[in-house]
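Engineer: Below you'll find the structure I mean.
The values are calculated or read from the model by the stated rules, or taken from the named source; none is laboratory data. Owing to the predicted nature of the structure, the values given are computational and were not obtained by experimental measurement. Using ideal geometry, Cβ is built from the backbone for each residue, glycine included, and neighbour counts are taken over all protein chains shown. For accessibility, only protein heavy atoms count, side chains too; no ligands or nucleic acids. Shrake-Rupley method; radii C 1.70, N 1.55, O 1.52, S 1.80 Å.
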Amino acid sequence: MHPLRKNRPLRRIVLASAVTASGLVLLLALKPHTTPAIAVAPAPVSSNSGTGSGGSTATGTKTVTGDTVQTQWGPVQVKITVKSGKITDVTAVQSPSGNPRDQEINSYALPELRSETLAAQSAKIDTVSGATYTSDGYRQSLQSALDSAGL
């Protein structure tokens, strides 16, 4: 009879324990994925083009550019136009564009984020699937623009 075919339960137990311990050590050695810190650059730019007498922003048109938000894939910055307390236009001034994949993502994500912003009239918009970092940066820049506009 071959030595490996002998019934040796202790050898199997030791081998199974060693494999289990090794697997557990490898599993515990894995580091969890951390979300990168997002830096926000200060200094929003705003300009008023009042349509009423005296340039009243309550009835006039106000254009406000939000903070530049640095994401893992590049900067995101949003400019909004507000008329009579309502968001009438949203434009992405900056968006990640370091490679063709960024441009592909932005080609579908930015129009979706724009339409959601105009519908929600706030920064409480959904993240676009496949564009999580861009969506987060867009939302943060949008909120800073809304805060600067007093909305």
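Engineer: For the stretch 111-131, which positions are within 12 Å of the chain's Cα centre (by Cα) and under 22 Å from T63 (Cα atoms)?
Structural biologist: L113, I125
Engineer: For the subset of the stretch 74-94 comprising residues that are open to solvent by less than 70 Å² (accessible area, probe 1.4 Å) and of a type in the set (A, V, I, L, M, F, W, C), which member is farthest from the chain's Cα centre (by Cα)?
Structural biologist: Only one residue tops the list, namely V82.
Engineer: Of the residues that make up the stretch 6-15, is at least one basic (K, R), modelled with pLDDT under 80 and exposed (fewer than 10 other Cβ atoms within 10 Å of the Cβ)?
Structural biologist: Yes, some residue in the stretch 6-15 is basic (K, R), modelled with pLDDT under 80 and exposed (fewer than 10 other Cβ atoms within 10 Å of the Cβ).
Engineer: Now, a different point. Given the structure, is T59 closer than 15 Å to Q140 by Cα, of a type in the set (S, T, Y) and modelled with pLDDT under 90?
Structural biologist: No; evaluated as a whole, the condition is false for this residue.
Engineer: Could you check the stretch 95-138 and list, in sequence order, the residues that are in a helix (DSSP H, G or I), of a type outside the set (A, V, I, L, M) and open to solvent by less than 50 Å² (accessible area, probe 1.4 Å)?
Structural biologist: Hits for the stretch 95-138 are D102, N106, E116, T117, T134, S135, D136, G137, Y138.
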